[in-house]
Amino acid sequence: MMFGEVHRVLVLMYVMQLHMLTAAAAFQENVGRQGNYPHGIDIVNTADYFSLSSRIHSYLHAAVFIAQYEGYLLPFVDDLLDRKICHWDKSLRELAAEALSFLVKYDPQYFANIVMEKLIPWTLSSDLCMRHGATLATGELVLALHQCSYALPSDKQKTLAGVVPAIEKARLYRGKGGEIMRSAVSRFIEYNKGTSDVTVKYLNMLTDSNVAVRRGSALAIGVLPYELLAGQWRNVALKLCGCCAIEKNPEDRDAEARVNAVRGLISICETLISGREDAATSLIENDISLSVLIKNEVMMSLFKALDDYSVDNRGDVGSWVREAALDGLEKCTYMLCKIDKSASLSGTSDVKEIESLVQPLNDNLPKNNQELLLFDENLATSLIRGICKQAVEKMDKLREAAANVLHRILYNQMIYIPYIPFREKLEEIIPKKAEPKWAVPSYSYPCFVQLLQFGCYSRDVLSGLVISIGGLQDSLKKISLSELLEYLEGVESEEHNTRMSREYMLSVDILWVLQQYEKCDRVIIPSLKTIETLFSKKVFLNMEDSLHLFSLFFNFPVSRLSKFPFTHVVYEV
């Protein structure tokens, strides 16, 4: 295309309104006589006198239509940048900035890279007209790129975030033109605020009275991009943590909403962590705070979700939440261990910063293990305890899910999970090449019952085991009970006063279960049935020669038993 034809179209589109009639007539005659304008007839039909009589219509509609044809877009953009956004007329600068944004849809990458690179330095120009127009145009382009679903790279976002502070630092709000610049900066901020409104919108929906809205909003937050989460990640994470818990109002309780909240919570954690790693310069003000929040808030919420045993007419709907929490705990464990490893490799500065935030919450943490401050021994123990409890309960699907999670944690090839108590014993109980038959009770119970010998796991394993032994499923009850009895009989008799006696440990753990789940019929009733079955099997006879002393156990209400281990009562009497 010849330069002359393009120039004539430029003049036609962006000419002053005073000369519109002359330009329109001359262009129409030129197209008719010469016929060498690409798409000339279409342009004439669009750019007639009536459509060009309005400058706004000419800039925002006619020019935008013509720019779709090859060869017109870049000259139009250059003319707006070089002549219009720095024009002496304020209204024309505002119109030119808006006209630029209307052209973004034809080549978003060109505007994000080339045009934006020109505009950002101009926002600090010594020429008032130039910096005013550039500030307006930059804001318009950011909004237009967002509407085109174009994601700006992290370095560009960082540069854009510094536009307003740079203008303020240069004191361009003062003196001549200060009022004009304040209005331009206000408009720039307005154009950029729309992204956070999306996040706020879905956060407000998490407490909606409509359960379908709560379910959908939790999942929607989970798929938000890093750019929308980075600005208010703490508020988003804490709000989802609260939604993982059972609702206080019985009428608002919905297991599926809690499942979606757990999934959304894990998803945003993954997005924030991966976005922080991929970004050249993170948008999160304090990356260490994110890691600490995952440990202290997210992980704790997931541990509480493992105690969700809600029941409705569909059955144990809380199992959906527990299964989602197991998956979430596994992923959070990998995140924290990966961060610990990165901190230890990058030097001591990150480690000291982590320690300053975590140490007040972990006063008993060994000083010589500073490289593993996020995922410590307490967290590792709680993790395995929670998983093992689910691995011995009555639902086949949940037992399989828990066992598979534990297997992956023990034998993960990419990330080593440290601080797991009795790791070697766990690996013997759950071999690396184990067949995936964890849903079969006769396969899983013989493995996990052996964990009763470890004090750090025994109580949680027993609290899940009594549900199976004292439950209504005869087949499950038979298998779980037989495996428990086999575990107790598998060791030679020990002295009465030996605290490591398996029967003694079992008795203490039973009393702990009764204390921990006081007034919780879901656990207390199966526990009492388990106790009755154990006495009928004469399990505790080797603890005292006089069988009649065990009658004291039945005279103690649960509230009193919580203060006196019944084995201690037996011996003292």
*Answer yes or no: is there a residue in region 235-251 that is within 13 Å of the chain's Cα centre (by Cα) and surrounded by fewer than 18 Cβ atoms within 10 Å (Cβ to Cβ).*
yes
*Kindly establish whether Leu476 is buried (at least 22 other Cβ atoms within 10 Å of the Cβ), in contact (Cβ under 8 Å) with a residue 60 or more places away in the chain and part of a helix (DSSP H, G or I).*
no
*Go through the residues of region 189-209 one by one and say whether even a single one is on the phi > 0 side of the Ramachandran plot and over 26 Å from the mean Cα position of the chain (by Cα).*
no
*Pick from Ser58, Ser51: which is under 27 Å from Ala97 (Cβ atoms), touching a helix residue (DSSP H, G or I) at 6+ places or on another chain (Cβ under 8 Å) and modelled with pLDDT under 80?*
Ser51
*Here are Lys239, Lys248, Lys176, Lys193: which of them is touching a Leu at 6+ places or on another chain (Cβ under 6 Å) and charged (D, E, K, R)?*
Lys239
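Yes or no, residue by residue, for (1) closer than 16 Å to Leu452 by Cα; (2) modelled with pLDDT of 90 or more; (3) surrounded by fewer than 17 Cβ atoms within 10 Å (Cβ to Cβ):
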| site | (1), (2), (3) |
| --- | --- |
| Asn497 | no, no, yes |
| Cys520 | no, no, yes |
| Ile525 | no, yes, yes |
| Lys529 | no, yes, yes |
| Met543 | no, no, no |
| Ser562 | no, no, yes |
| Val569 | no, no, no |
*Confirm whether Lys193 is over 30 Å from Cys129 (Cα atoms), of a type in the set (Lys, Arg) and exposed (fewer than 15 other Cβ atoms within 10 Å of the Cβ).*
no
*Of the residues that make up region 201-209, is at least one closer than 26 Å to Glu270 by Cβ, exposed (fewer than 14 other Cβ atoms within 10 Å of the Cβ) and modelled with pLDDT under 90?*
yes
*Is it the case that region 166-176 has a residue that's surrounded by 13 or more Cβ atoms within 10 Å (Cβ to Cβ) and closer than 17 Å to Ala97 by Cα?*
no
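Yes/no matrix, rows are residues, columns are (1) hydrophobic (A, V, I, L, M, F, W, C); (2) over 18 Å from Glu98 (Cβ atoms):
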residue: Thr123; (1), (2): no, no
residue: Gly133; (1), (2): no, no
residue: Leu136; (1), (2): yes, no
residue: Ala144; (1), (2): yes, no
residue: Ser154; (1), (2): no, yes
*Among the residues of region 230-276, write down those that are modelled with pLDDT of 95 or more and among the basic types (Lys, Arg).*
Lys239, Arg258, Arg263
*Among the listed residues Asp327, Asp307, which satisfies the condition of being of a type outside the set (A, V, I, L, M, F, W, C), at pLDDT 95 or above and surrounded by fewer than 20 Cβ atoms within 10 Å (Cβ to Cβ)?*
Asp327
*Some residue of region 433-449 being over 23 Å from Ile479 (Cα atoms), touching a Phe, Trp or Tyr at 6+ places or on another chain (Cβ under 7 Å) and either of a type in the set (Ser, Thr, Tyr) or crowded, with 16+ Cβ neighbours inside 10 Å (or both)*: no
*asked:* Which count do you get for residues in region 453-473 that are closer than 23 Å to Asp521 by Cα, among the hydrophobic types (A, V, I, L, M, F, W, C) and not in a loop (DSSP other than H, G, I, E, B)?
replied: 6
_Can you report the number of residues in region 308-343 which are out of contact with any helix residue (DSSP H, G or I) (no Cβ under 8 Å at 6 or more places or on another chain) and outside any helix (DSSP H, G or I)?_
4
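The values are calculated or read from the model by the stated rules, or taken from the named source; none is laboratory data. Everything numeric here is computed off the predicted structure, so don't read it as measured data. Don't worry about glycine lacking a Cβ; one is built from the backbone with ideal geometry, like all the others, and counts go over all protein chains shown.
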